[in-house]
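Reading through the structure tokens given below for one structure.
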Amino acid sequence: MTKKVFIKTFGCQMNEYDSDKMLDVLHAAEGYEPTDSADEADLILFNTCSVREKAQEKVFADLGRVKHLKRRGVRIGVGGCVASQEGAAIVERAPYVDLVFGPQTLHRLPALLAAREREGRPQVDIRFPEIEKFDHLPPPRVEGPTAFVSIMEGCSKYCSFCVVPYTRGEEVSRPLDDVLTEVADLADQGVREVTLLGQNVNAWRGDMADGREHGESADFALLLEYVAEIPGIARIRYTTSHPREFTPRLIEAYARIPKLVSHLHLPVQHGSDRILAAMKRGYTALEYKSIVRRLRAVRPDLALSSDFIVGFPGESDDDFERLMALVDDVGYDSSFSFLYSPRPGTPASDLRDDTPHEVKQRRLARLQARLDENVRAISASRLGTVQRVLVEGPARKDPTLVTGRTECNRLVLLPARPGLIGEMVDVRITEATQRWLRGEALAGETVAAG
Ligand code: SAM
Ligand code: F3S
């Protein structure tokens, strides 16, 4: 009988990507199929996140809820950043857990499962074995015209508030040829849009397959050029990039590569130089705005989104007003904003923090209201315009509609007609809400793949 795996994913796109890879690995090695129900699963995996909140506690609460399923022989695994941080401590606290694996060892899942059966005891493997993971992953399974491609792992920026460098290890780039082969393979299977993934994609450096380091000549800007030349690829996105490594060459790429979307997620985190320095972000608000100005000089319609942290230790009213001023200056589209959450083991967790929680919450609410205002205004400005949309599939709740995304990543609903899915179409926008747009495809306007 086909074995089934239930995977619950917490956190970022990187974790979503890793969960897909867990499924690919288990499917290729043991024929596992996914299930939405933990009750009918043979294997239950939690892909955890420890970037904010009491993530550990959330994981143990979830584990407690599936513990009773062990009676019928279910195997339970914990992966992701909590696993990486806690390691064997997870098994000590929850001895019914069979597997603990990190973001860099998920490709070993079949071997870990086999060892669990052979040895009759829990298996823990949370090492960072360089980039070995990618050599052991089966070819990606394509679902629809969009796909994610991981181009690097880890992060070496060590922002003072962040656990990622400790849970995912230092930055390691995937070799250029590997990335290009994967994109070409996806394009052959009908993928039109790729999102290049990594914690700091613009720190990517091109080790060629023969091991030579090409330094300056194989940077992220060059990678984008190569990806744009792959037949069938019509759109390129990437996330996340870091302002510190936003080179003039990458800015120029926006002039040279029309397939690069006019949408950029460039996390600023804060608008006060004092706080940015305490966060160890490595740039000032002015330097950040200068990148945005130069980008918009080559791409006037560029939409920007960001991550913001409110309530970092020592944030004064004046600091917060500087953040609001930056938000007004840049005019962000749909973004993520969080209350600062002290993470064990990070330098910022030792800083004195006198700001009352209610003050932080009020600041966050103000920021979010302003961001929402911007999003509504940007959506409204689309009304009556023609947007190029990549049609991704049928609408979940209404089979007479299909959904797609604009370059700026807005969800668009439009009437279904045969042959539309997977096509790039020009759509006139007839209705605009904060979160989605509705429109009609202009007659005969499908756009050929480049
Ligand atoms: N690589 C990305 C960048 O360039 O900034 C960030 C990756 S991190 C997983 C995603 C976001 O989580 C960050 O941009 C930050 O806003 C938020 N974050 C990280 N640590 C946090 C903390 N301790 N408290 C609140 N938010 C945090
Ligand atoms: Fe975290 Fe800063 Fe890296 S936010 S992922 S340490 S760029």
For this session: Have a look at 234, 253 and point out the one that is at pLDDT 95 or above and under 19 Å from residue 206 (Cα atoms).
Result: 253
Exercise. Which residues, counting only those in the range 43-59, are of a type outside the set (Ser, Thr, Tyr), within 18 Å of residue 97 (Cβ to Cβ) and crowded, with 18+ Cβ neighbours inside 10 Å?
Worked result: 43, 44, 45, 46, 47, 49, 55, 59
For this session: List the helices (runs of 4 or more DSSP H) that sit entirely inside the range 108-192 and contain at least 2 residues that are within 16 Å of ligand 1 (Cβ to nearest atom) and at pLDDT below 95.
Result: 164-168
Exercise. Residues in the range 264-277: is at least one under 24 Å from residue 143 (Cα atoms) and in a helix (DSSP H, G or I)?
Worked result: no
Exercise. Out of all the residues in the range 283-290, is one or more within 30 Å of residue 221 (Cα to Cα), within 15 Å of ligand 2 (Cβ to nearest atom) and either acidic (Asp, Glu) or surrounded by fewer than 21 Cβ atoms within 10 Å (Cβ to Cβ) (or both)?
Worked result: yes
Exercise. Would you call residue 307 surrounded by fewer than 17 Cβ atoms within 10 Å (Cβ to Cβ) and more than 30 Å from residue 53 (Cβ to Cβ)?
Worked result: no
For this session: Would you mention how many residues in the range 118-133 are buried (at least 19 other Cβ atoms within 10 Å of the Cβ) and not charged (D, E, K, R)?
Result: 5
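The values are calculated or read from the model by the stated rules, or taken from the named source; none is laboratory data. Because the structure is predicted, anything quoted here is derived from the model rather than measured. Positions of Cβ are generated from backbone atoms using ideal geometry, with glycine treated the same way; all protein chains shown enter the neighbour counts.
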